[in-house]
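A.B. asks: Please see the structure below; I have some questions.
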Amino acid sequence: MGLGALVAKAPKVTAAMFMAASRALSGLVTPAQEALGQLLPPMADIRGVSRAVAKAVAIEARDSGLGRLLGDEEYERVIARAQWEPEYAPYRPGGRD
């Protein structure tokens, strides 16, 4: 939600943007997952899910006159570049003297 609004440079978040996000999110649940009673995609897919939701929000912002006038594919590229990439420093405990 936030990534899509930021990338679109939307001055506000609307109910339509929340609806676009929820439609995108529910559309990522497969029929097999639904059959198991799952309402959301698995956490293992979080990065792809985040990109899909952000794109839906950004497109809704654009289409409602609140976002940048970028094409759908351009939004995909901008979102991929803007998505935070975690980097973890190696941890090595100090020795005792």
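The values are calculated or read from the model by the stated rules, or taken from the named source; none is laboratory data. Predicted model only: the values in this text are computed from it and were never measured. Note that each Cβ is placed from the backbone with ideal geometry, even for glycine, and that neighbours are counted across all protein chains shown. The accessibility values were calculated without ligands, DNA or RNA, using every heavy atom of the protein model including side chains. Shrake-Rupley method; radii C 1.70, N 1.55, O 1.52, S 1.80 Å.
A.B. asks: Just to verify a result, which residue in the stretch 20-46, among those that are touching a residue at least 24 places away in the same chain (Cβ under 8 Å) and among the hydrophobic types (A, V, I, L, M, F, W, C), is surrounded by the most Cβ atoms within 10 Å (Cβ to Cβ)?
C.D. replies: Here the answer is Ala20.
A.B. asks: While we're here: Whether any residue in the stretch 54-61 is assigned to a helix (DSSP H, G or I), open to solvent by 40 Å² or more (accessible area, probe 1.4 Å) and among the hydrophobic types (A, V, I, L, M, F, W, C) is what I want to check. Quick ask: steps written out before the conclusion?
C.D. replies: Of the stretch 54-61, the ones assigned to a helix (DSSP H, G or I) are 54-61.
Add one more test, that the residue is open to solvent by 40 Å² or more (accessible area, probe 1.4 Å), and what stays is 55, 60.
Now drop any that are not among the hydrophobic types (A, V, I, L, M, F, W, C), which leaves none.
No, because not a single residue in the stretch 54-61 is assigned to a helix (DSSP H, G or I), open to solvent by 40 Å² or more (accessible area, probe 1.4 Å) and among the hydrophobic types (A, V, I, L, M, F, W, C).
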